[in-house]
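Q: The following block contains the structure, expressed as structure tokens.
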Amino acid sequence: MNVTEILFGILTVMALFSALLMITSKNPVHSVLWLIVTFFSISGHYILLNAQFLAVVNIIVYAGAIMVLFLFVIMLMNLNNTAEPKKNRWLKLVGGIAGGCLFLVLVAALKDSEVKRQFTEVKTGDIGLIKNLGKELFSTYVVPFEISSILFLSAMVGAVVIGKKE
Amino acid sequence: MRGNMYLLQIDKFFILEKFLLVGFIISLSMLVAMYATYAERKVAAFLQDRIGPNRAGIFGILQPLADGGKLFFKEEIIPLASSKTLFVIGPMLAMITALLTSAVIPWGPGLPIAGRNVSLQIADINIGILYIFGVVSLGVYGIMIGGWASNNKFSLLAAIRGASQMVSYELPMGLALIALLMLVGDLRMSTIVQDQIGKGFFNWHIWYQPLGFIIFFICALAECNRTPFDLPEAENELNFGYHQEYSSMKLGFYLFAEYINMFISGVVMSTLYFGGYDIPFVNEAGLGWDPWVLSVLGFVVLMTKAWIFIFIFMWIRWTIPRFRYDQLMNLGWKSLIPLALLNMVATAVVVLWLKK
């Protein structure tokens, strides 16, 4: 075991643990905070892959902006146990079965795939560095990149239009 | 597995020098923040024609120690209905995010020690300035978590104000930075400083990006929650803001984090727009001086620039009244963002035109 593997292990345990706590914690604010911890551990994985730009953008966009808005809404709604509607027991059962089926399908699909036999190669490649990533995005993938930016723009305009409606 | 031994290749000297540097910079930030509180009181006194603190030591020079001691020995009160863990985590986060930013700042040209060139920068990472941006965007959690965990409506309102203010002002800040990065062509802080050295002080980015600097400065004021943007702690509307329920050193951490943020944003602005450790009107490379002297001089110059910014921050605080909340949002979204976009497009056009 070298340092990279130890770091990978720590980050993976952290990611899974915080993701589980995010689902299981009763308080929605705690859920959001655990989700932020998950994002951090995923950013750690990106750094192990030498994808520095992706790691920092993941933190700026998700942890720094989107999760702040999530927290914002949840804090203002003042959710607590009394306000929570009672869930039907059958509904829970159906949800469990559906989720279990999805899990089963995913496991079955990935069981024999190539991925299993490949180790993640850490700190090889420098495609995640900002210069190379920018060159790729603006040469090979320029069309999908621009299309997705138009999608974002239209979403923003849509949000403003909805917000303006009295 | 191949190519993954890089963490083990780090030698012992490297670890030792980084630890020393981290320790030095963190103690430095604390010390500067301590004396910034003293300077704030003296500047306020000067602007209001008072004397200011003058009891502890000569000229009241021991006042920060007395303040700190007082905060440490005060009773610690955790509200019964608060969420206790988060209540404690709030000020911790505020302090951690304030201290983290200094990691990518180049503090001097570098020292040769025992045949090695020791860089005076903790980490010269590829994403440099984006790292600062990421840490600054996390600063909001200290306020939000503290405000929410206090279980107090005023605190919650202040926390939400603070969060929306910080998220809003990050946008023009980022746009102003993009224009700067187009000039430099690199995100590394060391390259940004190298780019500004030479030609007296006419290579400093302030001459190429005056509008960008003004936008960045206004956003830095807002990100530090300094007047005229200190809406999260507007005492006449929200009692005391997000740290209303806090007492003793937890309150101290919140107040202290603000001063560290002020210091760091002063350093960042000096590095980005005012040449960092570059000594104006001196061609350092041509002097042939000992690198040690140059490093110390560069560091002193950087600190002087940062202190000038801290003074301007204080000057503004004791001169300009607080904005109203809708004015704050209008300024951010309807003035600064269009201005920053304009600045960005104009810079892009000029950069392209000059390259042809």
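The values are calculated or read from the model by the stated rules, or taken from the named source; none is laboratory data. Source: prediction; values computed, not measured. Virtual Cβ from ideal backbone geometry, glycine too; neighbours counted across all protein chains shown.
Q: In region B:209-261, how many are aromatic (F, W, Y) and either under 19 Å from B:Y38 (Cα atoms) or in contact with a strand residue (DSSP E or B) (Cβ under 7 Å, 6 or more places away or on another chain) (or both)? Step through it out loud before you land on a result.
A: Going through region B:209-261, the residues aromatic (F, W, Y) turn out to be B:213, B:216-217, B:229, B:240, B:242, B:246, B:253-254, B:256, B:259.
From what is left, the residues that are either under 19 Å from B:Y38 (Cα atoms) or in contact with a strand residue (DSSP E or B) (Cβ under 7 Å, 6 or more places away or on another chain) (or both) are B:253-254, B:256, B:259.
Final tally of qualifying residues: 4.
Q: Taking the condition of being within 10 Å of chain A (Cβ to nearest Cβ) and among the hydroxyl-bearing types (S, T, Y), how many residues in region B:138-153 meet it?
A: Residues meeting the conditions: 1.
Q: Out of the residues in region B:115-125 that are without any contact (Cβ under 8 Å) to a residue 60 or more places away in the chain and out of contact with any Gly (no Cβ under 6 Å at 6 or more places or on another chain), which is surrounded by the most Cβ atoms within 10 Å (Cβ to Cβ)?
A: Top of the filtered list is B:A123.
Q: As an exercise: evaluate A:M77 against (1) facing chain B (nearest Cβ under 9 Å); (2) hydrophobic (A, V, I, L, M, F, W, C); (3) over 15 Å from the mean Cα position of the chain (by Cα); (4) within 24 Å of B:S83 (Cβ to Cβ) and give the number of the one condition it does not meet.
A: All conditions pass for A:M77, except number (1).
Q: Continuing with the same structure: Could you list, in sequence order, all residues of region B:20-60 that are of a type in the set (G, A, S) and over 19 Å from B:F253 (Cβ atoms)?
A: Filtering region B:20-60 down to residues of a type in the set (G, A, S) leaves B:23, B:27, B:29, B:33, B:36, B:39, B:44-45, B:52, B:56-57, B:60.
Scanning region B:20-60 gives B:G23, B:A39, B:A44, B:A45, B:G52, B:A56, B:G57, B:G60.
Q: Further question on the same structure: Go over the candidates B:F73, B:F59 one by one and state the one that is among the aromatic types (F, W, Y) and modelled with pLDDT under 85. Can you show your working first?
A: Values: B:F73 fails: modelled with pLDDT under 85.
Result: B:F59 is the single residue among B:F73, B:F59 that is among the aromatic types (F, W, Y) and modelled with pLDDT under 85.
Q: Cβ contacts < 7 Å: first residue touching a residue at least 24 places away in the same chain (Cβ under 8 Å) and farther than 21 Å from B:N261 by Cα, restricted to region B:126-154; second residue of a type in the set (K, R) and assigned to a loop (DSSP other than H, G, I, E, B), any location; separation 6+ or different chain. Result?
A: Matching pairs, first to second residue: B:N126/B:R188.
Q: Let me ask something additional. Give me the pairs: first residue in region B:313-339 and closer than 20 Å to B:E237 by Cβ, second residue in a helix (DSSP H, G or I) and of a type in the set (D, E, K, R), beta-carbon distance under 8 Å, and six or more apart or on different chains, which are they?
A: So the pair list comes out as B:R317/B:E40; B:Y325/B:R161.
Q: All but one of (1) touching a Leu at 6+ places or on another chain (Cβ under 8 Å); (2) more than 20 Å from B:L354 (Cα to Cα); (3) not aromatic (F, W, Y) hold for B:H205; which doesn't?
A: (2)
Q: Can you confirm whether B:L156 is part of a helix (DSSP H, G or I), surrounded by fewer than 19 Cβ atoms within 10 Å (Cβ to Cβ) and of a type outside the set (S, T, Y)? Give the steps one after another, and end with the answer.
A: On the way: part of a helix (DSSP H, G or I): yes; surrounded by fewer than 19 Cβ atoms within 10 Å (Cβ to Cβ): no; of a type outside the set (S, T, Y): yes.
No.
Q: Let me ask something else about it. Quick test of your reading of the structure: B:L183 fulfils all but one of (1) within 12 Å of chain A (Cβ to nearest Cβ); (2) surrounded by fewer than 22 Cβ atoms within 10 Å (Cβ to Cβ); (3) out of contact with any Ser or Thr (no Cβ under 6 Å at 6 or more places or on another chain). Name the failing condition by number.
A: (1) is the only condition that B:L183 fails.
Q: Now a separate question. Which condition number in (1) among the charged types (D, E, K, R); (2) modelled with pLDDT under 85; (3) surrounded by 11 or more Cβ atoms within 10 Å (Cβ to Cβ) is the one that A:E146 fails?
A: (2)
Q: Those residues that are modelled with pLDDT under 80 and small (G, A, S), I need them from region B:235-273; list them, please.
A: The one that is modelled with pLDDT under 80 and small (G, A, S): B:G241.
Q: Determine whether region A:46-63 contains at least one residue that is farther than 24 Å from A:I130 by Cβ, part of a helix (DSSP H, G or I), among the aliphatic types (A, V, I, L, M) and more than 9 Å from every other protein chain (Cβ to nearest Cβ). Break it down into steps so the answer makes sense when it comes.
A: We begin by selecting, within region A:46-63, every residue farther than 24 Å from A:I130 by Cβ; these are none.
Scanning region A:46-63 turns up no residue that is farther than 24 Å from A:I130 by Cβ, part of a helix (DSSP H, G or I), among the aliphatic types (A, V, I, L, M) and more than 9 Å from every other protein chain (Cβ to nearest Cβ).
Q: Taking the stated definitions as given, is B:S265 in contact with a Cys (Cβ under 7 Å, 6 or more places away or on another chain) and part of a helix (DSSP H, G or I)? Spell out how you get there, then give the answer.
A: On the way: in contact with a Cys (Cβ under 7 Å, 6 or more places away or on another chain): yes; part of a helix (DSSP H, G or I): yes.
Answer is yes for this residue.
Q: Mind listing whichever residues of region A:45-54 are without any contact (Cβ under 8 Å) to a residue 40 or more places away in the chain and closer than 18 Å to B:I129 by Cα? Give the derivation first.
A: Of all residues in region A:45-54, those without any contact (Cβ under 8 Å) to a residue 40 or more places away in the chain come to A:45, A:47.
Once the filter is applied, which keeps residues that are without any contact (Cβ under 8 Å) to a residue 40 or more places away in the chain and closer than 18 Å to B:I129 by Cα, region A:45-54 yields only A:I47.
Yes/no per residue for (1) within 14 Å of chain A (Cβ to nearest Cβ); (2) assigned to a loop (DSSP other than H, G, I, E, B); (3) among the β-branched types (V, I, T); (4) over 18 Å from the mean Cα position of the chain (by Cα):
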site: B:F87; (1), (2), (3), (4): yes, no, no, yes
site: B:L93; (1), (2), (3), (4): yes, no, no, no
site: B:L100; (1), (2), (3), (4): yes, no, no, no
site: B:A103; (1), (2), (3), (4): yes, no, no, no
site: B:P109; (1), (2), (3), (4): no, yes, no, yes
site: B:P112; (1), (2), (3), (4): no, no, no, yes
site: B:N117; (1), (2), (3), (4): no, no, no, yes
site: B:I125; (1), (2), (3), (4): yes, yes, yes, yes
site: B:L130; (1), (2), (3), (4): yes, no, no, no
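Q: I would also like to ask the following. Of everything in region B:43-58, what is in a helix (DSSP H, G or I) and exposed (fewer than 13 other Cβ atoms within 10 Å of the Cβ)? Give them in sequence order. Let's see the steps before the verdict.
A: Within region B:43-58, the first condition is being in a helix (DSSP H, G or I), and the residues that meet it are B:43-47, B:58.
B:I58 - this is the single residue of region B:43-58 that is in a helix (DSSP H, G or I) and exposed (fewer than 13 other Cβ atoms within 10 Å of the Cβ).
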